[in-house]
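The values are calculated or read from the model by the stated rules, or taken from the named source; none is laboratory data. Bear in mind the structure is a predicted one, so any value in this text is a computation, not a measurement. Neighbour counts run over all protein chains shown; Cβ positions are idealised from the backbone, glycine included. Just the protein is used for accessible areas: all its heavy atoms, side chains included, with ligands, DNA and RNA removed. Shrake-Rupley method; radii C 1.70, N 1.55, O 1.52, S 1.80 Å.
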Amino acid sequence: MATTRFLVVDDSATMRRIVINTLKTIGYEDVVEAGDGAEALAQLRSHEIHFVVTDWNMPNMSGLEFTKAVRSDDKLQHLPILMVTTRGVKEDIVEALQARVSSYIVKPFTPPVFKEKIDQLLKLVPQ
Amino acid sequence: MSMPTEAKQDQTILRRLEELRDVIQTSRKVLPLFDNFLQFVKEIVPMIEGLNHSLDESASKLPKASTELHNVSKATETATIAILDTLDAMGRSLDEGTKLAENLQQRRTNGAAVEEQEHGQWSQLQNTFHTLSDQVGSITITLQVQDITSQQLAAVNHLVKSVYERLSWLMNQFEVTDLRSLHEEVKMFELPQAFDPNASWEDHGTRQSLADDLVRKTAAVAASVPRAS
């Protein structure tokens with residue numbers, strides 16, 4: 001693929017901005033935004049997305065519900081989904097992994113951790 | 001043989017008198033209790049009225065507390081966005097400065113002999129720009145605190161709402177009629193916010209290590225399951 005297009009999903013405008021800035025810093029300029037899971041599903045339908053970074057706690061449709069909706073679509077089984085959330089207890093992480101998020105970051109994140117997870121997941125994407 | 005009528009009447013009168021005596025004796029015992037009960041009621045009524053007043057006063061303050069929390073959260077978000085705007089502008093200026101310094105250094109290096117000291121100063125200037133750029137990045141990352149604080153405020157707001165609803169229920173039980181625009185006040189709490197009640201600022205990586213460990217284990221399990229051909 002020529003460029004990797006990211007979809008950043010977070011109800012906090014501040015967090016979307018921080019995630020997008022961090023993506024730009026590590027070389028990813030092509031970014032689409034959404035304020036909740038429902039909006040993110042609409043973005044997935046209208047854009048070719050290669051990587052999703054999503055929050056968990058959002059109104060209308062949470063990141064967990066969004067992940068389940070994505071995974072229920074056969075065409076999106078391998079879409080990397082990186083969950084970035086404040087929820088850091090074991091039960092939450094297990095629940096997210098059962099919903100088949102690809103990786104998990106607990107806020108506040110650092111750019112090296114963020115880059116490491118993205119690099120790891122992009123290596124696993126079938127070409 | 002039947003009793004004479006007069007004797008029967010005497011016995012009835014005696015029985016009535018005994019009953020009256022019993023009633024008087026019982027009343028003597030009950031009266032102090034009744035006095036105590038009256039005294040208790042006299043004391044408790046002002047207390048209940050006071051409690052009503054306190055409930056009403058406390059409940060009326062809670063919507064304001066909730067609104068204040070909402071305002072603080074919004075103000076912090078606005079300020080954070082303004083800081084991010086400034087940081088973005090600083091970042092762009094620093095990038096321009098770095099490129100300019102690199103170009104100048106290149107031009108000088110390509111040109112006539114450049115004194116070693118001057119060359120060193122250009123490198124130093126570039127390093128300074130890079131350091132400043134990294135620092136701008138660090139400030140940006142630290143601003144995640146706004147999202148975490150906003151979730152903490154939402155959690156407190158949720159508690160305030162629960163207390164308010166409980167107080168409203170109590171006020172209804174006491175039949176407080178002064179439920180001024182109760183429903184309007186409750187509406188102020190209906191802020192569409194999803195939040196994590198346990199959100200916290202933890203930067204020593206313990207929770208991230210736990211997440212990494214669980215992700216690794218899940219990946220290992222997935223890899224060990226044979227794929228359907």
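Computed values, structure above
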quantity	calculated
Cα gyration tensor shape for chain A, rounded if a/c is under 1.5, else prolate or oblate	rounded
B:D95-B:A75 pseudo-label distance in nm [points 7 Å out on the Cα-to-Cβ vector]	3.4
Carbon plus sulfur fraction of accessible area for the protein assembly as shown, probe 1.4 Å, in percent	56
Set of the stretch B:140-175 residues, backbone N closer than 17 Å to the point 7 Å along the Cα-Cβ line of B:K64	B:160-161, B:164
Förster radius 35 Å - calculated FRET efficiency between B:I44 and B:E18 (Cβ-Cβ, nearest 0.05)	0.35
Length added when fully stretched, A:Q120-A:S72, from 0.36 nm per residue minus Cα-Cα	14.9 nm
For the stretch A:24-39, 3J(HN,Hα) per residue [Karplus equation, 6.51 cos²θ - 1.76 cosθ + 1.60, θ = phi - 60°, Hz, x = Gly/Pro]	5, 4, 9, x, 10, 9, 8, 9, 10, 10, 8, x, 6, x, 5, 5
Chains A and B, summed buried accessible surface - 1.4 Å probe, Å², nearest 100	2500
Average other protein chain Cβ within 10 Å of Cβ, residues A:3-11	1
Net charge of neighbours whose Cβ lies under 12 Å from the Cβ of A:D10, counting Lys and Arg as +1 and Asp and Glu as -1	-3
Neighbouring partner chain Cβ atoms per residue of B:208-219, average, 10 Å criterion	6
1.4 Å probe accessible area per residue over the protein assembly as shown, in Å²	62
Sequence-distant lysines (8 or more away, or on other chains) whose Cα lies within less than 29 Å of A:K107	A:K24, A:K68, A:K90, A:K115, A:K117, A:K123, B:K74, B:K161, B:K217
MRE, 222 nm, helices only [DSSP H, n ≥ 4, -39500 (n - 2.57), over the protein assembly as shown, to nearest 500]	-24000 deg cm²/dmol
Partner chain coverage, peptide B:76-86 - average Cβ within 10 angstrom	2
